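Before any comments, here is the structure.
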Amino acid sequence: MPKATIRLAYRQIIDLRSVTPFEQKIFHATYAEFSIQQQSFSKGREVYTWEDIRTTFPKSDPALPFKVSFAIAGLISSLQNKIPELHDALGNNNIPFIQHRFGLIASDTRDPAQHAVSITYITDEFILNEIIGNQLLLSEQPPQTFQLKMQPGLSIVSYLPWEQQSRQPLAMASL
Amino acid sequence: MEQHSRAKFLKNLLIGATSVPILVEACSKSGSSSSSSSTSTSSSDSTYTGTSSTSCSASPSETAGPYPYDLSSNSAIFRTDITEGKTGIPLTLTLTIVNSNNSCAVISGARVDIWHCDKDGYYSEYSEPGYLGTQDNTGKTFLRGIQLSDTNGQVKFTTIYPGWYTGRVTHIHVEVFVNSVLKLTTQLAFPDSLNTTVYKTSLYSAHGQNSTTNSNDNVFSDSYTSELLTISGNTTDGYTATFKVGVPL
């Protein structure tokens, strides 16, 4: 019997050291947009970093990251709902996500090297069949399965025990 | 999820908005400075003449230079139609960006960001209270858009007539960036009588009429006559609005 249905979240951190074309596009687009949109808050004052901006202008969080995230909507669409850089045990890059969250970690209008953002991809529900060593044995469409290694940036963000789900119809029926 | 206080946000926004000189139509001193007037062009059509001046229309064009990255490929936000399925009376908005420091020469390549609330008074991005209760619109982008001005200095948006929320009169937010530098933050106003007309229609009437008008709105009260859209149309076919935005370069 499966253990649970779960949702996964995978957080990709992108900074100047990021190497893939996708990451580099994200880096440049968000840095340019940060440099533009932060002006709505700083308005010429001597605040340059995201830390200073959100401390000085509390309204900038979450408004500024939200506005910066506009710049990557097209790039996110280009992923066709596959989480980049997350591979199953066979090396396939086809773990689907249904939503994403953009985060502005740090930035500085004077120095792009300080710029760092995160994108957290959240999956739909998977069936967690087993945990084999450090790998999750998952199903999207049983009986087909795939294995995914637990790794930095990957987390289970919802967990519903299988027993509870199988009891739900009975509970509903008894109402 | 954390609830963001729109009241607090708006308060800050207003502080921000009013801390920047409102330069819209700064170039129209020699032109019209009239408040809105309404004339009937048919039994149902209305035309409201705002404050745009035509005195600069023959001025030479100026370019704002290349945009730093290719936002034009990002149809998610770089778009003419910002409706995203939101219902309301159609509104076509054409803004002309001109240099108020140079005889109102049109500015091409300026980046214009606009945003406004939906027919019920809710903004995308925020989780906020309203007359229909709290709506969580975080991560949504409806009724927001960016365009670059064309060789005539124009940007065009298709959207809906905004609704209203407690404490503010109907408005559209506008930011103009030239060479990636924020040059103007302002808001555009609608004639009070037109707001009343629109908010009587079936799509909007559930919210009733707004007690805040342009003259007692804390953003527009001392300046709305220079921020009024020129607008015509009717509640059935929608409205067409224009405005000349003066930016000092």
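Against the list (1) in contact with a His (Cβ under 9 Å, 6 or more places away or on another chain); (2) surrounded by fewer than 24 Cβ atoms within 10 Å (Cβ to Cβ), the condition B:Ile89 fails is (1).
Just one residue in the set A:Ala116, A:Ala106 is touching a helix residue (DSSP H, G or I) at 6+ places or on another chain (Cβ under 7 Å), hydrophobic (A, V, I, L, M, F, W, C) and touching a residue at least 12 places away in the same chain (Cβ under 8 Å); that residue is A:Ala106.
Taken residue by residue, the range B:153-171 has no member that is in contact with a Gly (Cβ under 8 Å, 6 or more places away or on another chain) and closer than 18 Å to A:Ile36 by Cβ.
The residues in the range A:26-46 that are more than 9 Å from chain B (Cβ to nearest Cβ) and more than 22 Å from B:Glu125 (Cβ to Cβ) can be counted, and the count is 3. Could you run through the range B:106-162 and say how many residues are over 15 Å from B:Thr83 (Cα atoms) and within 13 Å of chain A (Cβ to nearest Cβ)? Total meeting the criteria: 10. B:Asp81 falls short on exactly one of the conditions (1) within 30 Å of B:Gly139 (Cα to Cα); (2) at pLDDT below 80, and that condition is (2). Cβ-Cβ distance below 6 Å, separation of 6 or more or different chains: which pairs start in the range A:11-24 with a residue that is part of a helix (DSSP H, G or I) and end on one that is of a type in the set (A, V, I, L, M, F, W, C)? Within 6 Å, the pairs are A:Glu23/A:Ile14. When B:Gly130, B:Gly145 are checked against the criterion of being within 30 Å of A:Phe102 (Cα to Cα), free of Cβ contacts under 8 Å to residues at least 40 places away in the same chain and among the small types (Gly, Ala, Ser), B:Gly130 stands alone in meeting it. Taking first residues from the range A:53-64 that are at the interface with chain B (Cβ under 9 Å from one of its Cβ atoms) and over 15 Å from A:Ile105 (Cβ atoms) and partners that are among the aromatic types (Phe, Trp, Tyr) and buried (at least 20 other Cβ atoms within 10 Å of the Cβ), the Cβ contacts under 6 Å between residues at least 6 apart in sequence or on separate chains come to A:Phe57/A:Phe41.
The values are calculated or read from the model by the stated rules, or taken from the named source; none is laboratory data. Being a predicted model, the structure only gives us computed values, none of them experimental. Glycine also receives a Cβ, built like all others from the backbone with ideal geometry; neighbour counts cover every protein chain displayed.
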